[in-house]
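The values are calculated or read from the model by the stated rules, or taken from the named source; none is laboratory data. In this text the structure is predicted, and so the values were computed from the model without any measurement. For neighbour counting, all protein chains shown are included, and Cβ atoms are generated from backbone atoms with ideal geometry for every residue, glycine included.
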Amino acid sequence: MLLHDSLTFWARARPDHPFVTDENHTLSWAEAAAECERLARAMVKNGITPGSRVAVLMRNRVELLLGYYAASMAGAVVVPVNPPGRGRVAAHPS
């Protein structure tokens, strides 16, 4: 089972139930799945292929979750980047 499989399952099983809530709004499973599919298509259109690594650099927020699920839908591997360490980590020659 891949990460996005759970999103797809719950979007079909309980489309109107809350997926995530923040201080501004609530996103349903169906809304989250639709947004992740849109983001995944954009990733593929911009050259992401199965096995590609996608770095995600952002603070904890709804879009962070959507980015993880979308990358999974595109067949990519998420590489989380810690925002507080971004200068030191991003400059590291690995």
| message | Please determine whether any residue of segment 15-30 is crowded, with 17+ Cβ neighbours inside 10 Å and acidic (Asp, Glu). | response | no
| request: Scan segment 3-14 and give yes if some residue there is surrounded by fewer than 17 Cβ atoms within 10 Å (Cβ to Cβ), at pLDDT 95 or above and in contact with a Ser or Thr (Cβ under 9 Å, 6 or more places away or on another chain), otherwise no. | output: yes
| query | Among the residues of segment 54-90, which ones are over 19 Å from LEU7 (Cβ atoms) and either assigned to a helix (DSSP H, G or I) or modelled with pLDDT of 95 or more (or both)? | reply | PRO83, PRO84, GLY85, ARG86, GLY87, ARG88, VAL89, ALA90
| field | Among (1) in contact (Cβ under 8 Å) with a residue 12 or more places away in the chain; (2) closer than 21 Å to VAL79 by Cβ; (3) part of a helix (DSSP H, G or I), the one test that ILE48 misses | value | (3)
| Matching residues, segment 15-37, being farther than 19 Å from GLY75 by Cα, modelled with pLDDT of 95 or more and not in a strand (DSSP E or B) | PRO15, ASP16, HIS17, TRP29, ALA30, GLU31
